[in-house]
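Structure first, commentary second.
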Amino acid sequence: MCGILGAYSKLDRASWQPKMSLAMQHIAHRGPDDSGIDCIPTLGGELILGHRRLSILDLSRAGHQPMYSSDNRFALIFNGEIYNYKELRAKLQKKGIRFFTDTDSEVLLNSWICWGKDALSKFEGMFAFSIYDKEEKTLFLARDAFGIKPLYYSLIGSELRFASELPALRHSMEFKPGINEQIAYEYLNFSSYDGKKETFFKNLYRLLPGYYAEIDLNDIANLNSQEDNASFIQQIRWWSPSIEENKQISFENASDELRERFLHNIEIHLRSDVPLGAALSGGVDSSAVTCGIRHLYPDMPIHTFTFAAKGSEVDETKWSAHINKKINASSNKIIIKPSELAKDVDDLILTQGEPFGTTSIYAQYRVFKYAKERGITVMLEGQGADEMLAGYNGYPNARLHSLIQKGELRKFLTFVERWANWPGRSREQSIMMAKSAFGKVLPNQISYLFGKKRDVTIQSWLNKDQLLDNGIDLNPSSLTKADGKFEHAIPKGRMLSNAMRDALSEGGIQRLLRHGDRNSMRWSIESRVPFLTHSLAEFCLSLPEQYHLSDHGETKHLFRHAMRGIIPDEVIDRKDKIGFATPEFEWLKQLDTTAMIDIDVVAQQNLLDFNLIDKFIKGQVNGNLPYSSSTWRIINYLRWVKLFN
């Protein structure tokens, strides 16, 4: 687990070197164990490759990067882990390839040399890497299927930059880019972020999850304008899973295979030469990880870390305590006082690099901090299970859509009735879902009767006239959809599978993975997510939809069945879901909103109305207005503007 930084520049070294050195400092937390930066003269300029290393596998100097191929043709900088590196290494050795280290980085590099882009689908892991071909003068950038590891880039004129984090990328540039007001508006008004190629900064882009880019420096070197030339960098999707249904597999056989595949993932995610721990909320997903470790290794020491929302209705430490007792783990409980957020809020915002949705991110930040203080370097988490196994509410709209497509009206009506009987759901919600599902399949004239499309609501404290003057699209056609489309079409009756496929590469999961990466790396901890391997995802996406979301409305139906005997029944049968939820309102009341909402910053951001914002937030803090999650978004955004400008 590391941080990477790269650039192609035709400027003189005295111009770019101080900026690259500063940028390297801004990813030092990602790799405190080693640092390397090389300059490769090429095409009238220089290619700069920088790397900060957090040593996890082979702690010797053999893992130093940039790493070069034996013939010195290829140069690699790599952030992440290839968990199946031992198996890939054995295959490569049979082809006569020699190895000089015990690192997964050398396996990645030789896999690329051997298989080219086809190597991407062979990796079980999380990665963002760059490989430079000195002969062809091409730079290859790639990101794992789910975007667990980050990678950002810019191309202004012929000056190319890329980095693991936006602050480092900005510091490597000649001119620091301003705010992307369209993205800011979508965040403030809709709480939408991290689902697109664009970032909160103008001219800075993210390489999308499951994509690669092959950059010919011959073309880049010939660009002369000082404009945003990022369109020259074509992003190409390499992970495009099919969702065709495997109609032959029985529920019991699917359960057995899911269990076997998941335990295999746990096993390879435990490969490490440094101490490990696990985040434990007490829900099904994190319990599956910790109980899976104990099932595989009866005598292995297990250290768990749990956020305790003491005295709050979102506190679920009784469940984590039950798991800890069951698996005989060494438990660590993190209790946060409301006043502590105020003390850490600036560091949290700087850590994340871009605005974020809720204060639950602070709970995660503190969990990783505590783990670091206890000597842990690798943490396992349950992230991704909801998207892969039909968690949350189970994507019921999509399931109903599938039933209509297949003409299964009786099952449709049964599902509508029984889904509503679970905690946290209602008959009204169920009926609305049924109407929505019919509206998607009926002709436009008839679907109009099921619900007239409403105009978008603009928050009262946003300056609508100014938004329009600035060219902001007030009702963007897609808020969270990535720019690319999956290669495979949607088969009839597979709308739930398609919803899960989308969820695994777009929208919410991208936010969660960004939060986890920045919070863990802030404390030089590697966060691993054993649910998220593309082979496990492809298997789950091929299963009959009722295996995941039962006809009775049970979410994660198959996974709960598969994990019986490993996870205690009391946890498997939980109907609620909390995770790292926080008592946000109580925390925010401790913030000095006058200091956080700087009038000068608001004046610079003419999209917002200071008086209305001030009235809105003070009304909530004083109890005169009902609490809204918009409060945190306003505070977060304005403080972010202050800190980054």
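Approximating the spin labels as points 7 Å out from Cα along Cα→Cβ, the LEU350-to-ASP551 distance works out to 5.8 nm.
Rounded to 0.05, the FRET efficiency of the ARG425 and HIS322 pair, given R0 = 30 Å and the Cβ-Cβ distance, is 0.75.
Computed over the chain, the per-residue total of -39500 (n - 2.57) for DSSP H runs of n ≥ 4 gives a 222 nm mean residue ellipticity of -12000 deg cm²/dmol, rounded to 500. Heavy atoms of the protein chains alone define the surface here; on that basis the chain has 40 Å² accessible area per residue at 1.4 Å probe size. Summarising the label geometry, the points placed 7 Å from Cα in the beta-carbon direction at PHE175 and ARG73 lie 4.0 nm from one another.
Ligands, DNA and RNA aside, THR358 has an accessible area near 50 Å² when probed at 1.4 Å. Greater than 28 Å separation of Cα atoms is the criterion. Which listed pairs, LYS149/LYS492; LYS369/LYS575; LYS149/LYS556, meet it? Too far apart for the 28 Å limit: LYS149/LYS492; LYS369/LYS575.
If you take the square roots of the eigenvalues of the alpha-carbon gyration tensor of segment 110-198 and sort them as a ≥ b ≥ c, do you get rounded (a/c under 1.5), prolate (a/b over b/c) or oblate?
Details: a/c = 3.06, a/b = 1.49, b/c = 2.06.
Since a/c reaches 1.5 but b/c is at least a/b, the shape of segment 110-198 is classed as oblate.
May I ask for the longest run of the chain untouched by chymotrypsin sites (Phe, Trp or Tyr not before Pro) that are loop-located per DSSP and have at most 10 neighbouring C-beta atoms (other than their own) within 10 Å? Walk me through the intermediate numbers first.
Details: sites that count: PHE100, PHE175.
Within the chain, the longest run free of exposed chymotrypsin sites (Phe, Trp or Tyr not before Pro) spans 176-645.
For ILE458, the accessible surface of its heavy atoms amounts to roughly 40 Å² (probe 1.4 Å, protein chains only, rounded to the nearest 10). Counting only lysines at least 8 places from LYS615 when in the same chain, those with an alpha carbon closer than 16 Å to its own are LYS589. Estimated at the nearest 10 Å², the accessible area of GLU584 is 20 Å² with a 1.4 Å probe. Our estimate of slack between ASN475 and SER535, defined as 0.36 nm per intervening residue step minus the Cα-Cα distance, is 17.9 nm.
Once the chain from ILE334 to GLU570 is taken as fully extended at 0.36 nm per residue, the excess over their C-alpha distance is 82.6 nm. The candidate values were (1) 166; (2) 225; (3) 156; the one computed from these coordinates for volume of the Cα convex hull per residue in Å³ carries the label (1). For the set THR103, THR138, solvent exposure ranked by accessible area (probe 1.4 Å, protein chains only) runs largest to smallest as THR138, THR103.
Sorted by packing (mean other beta-carbon atoms within 10 Å per residue), highest first, where do 336-343, 59-66 land? It would help to have the intermediate numbers written out before the result.
Numbers: 336-343: 14.9, 59-66: 17.1.
Packing proxy ranking, top to bottom: 59-66, 336-343.
For the chain, the share of accessible area belonging to carbon and sulfur comes to 48 percent (1.4 Å probe, ligands and nucleic acids excluded).
Per-residue extension of 0.36 nm, minus the Cα-Cα distance of ASN622 and ASN218, leaves a gain of 139.4 nm for this segment.
Taking label positions 7 Å along the Cα-Cβ direction at both LYS95 and ASN645, the computed distance is 5.0 nm, reported to one decimal.
Counting only DSSP beta bridges with both residues in the chain, what percent are antiparallel, rounded to the nearest 5? Before the final figure, lay out each step's value.
On the way: 56 of 72 bridges.
Of the beta bridges lying entirely in the chain, close to 80 percent run antiparallel.
The values are calculated or read from the model by the stated rules, or taken from the named source; none is laboratory data. Here the structure is a predicted model, which means the values were calculated and not measured. Note that we place each Cβ from the backbone using ideal geometry, even for glycine, and neighbour counts take in every protein chain shown. The accessibility values were calculated without ligands, DNA or RNA, using every heavy atom of the protein model including side chains. Shrake-Rupley method; radii C 1.70, N 1.55, O 1.52, S 1.80 Å.
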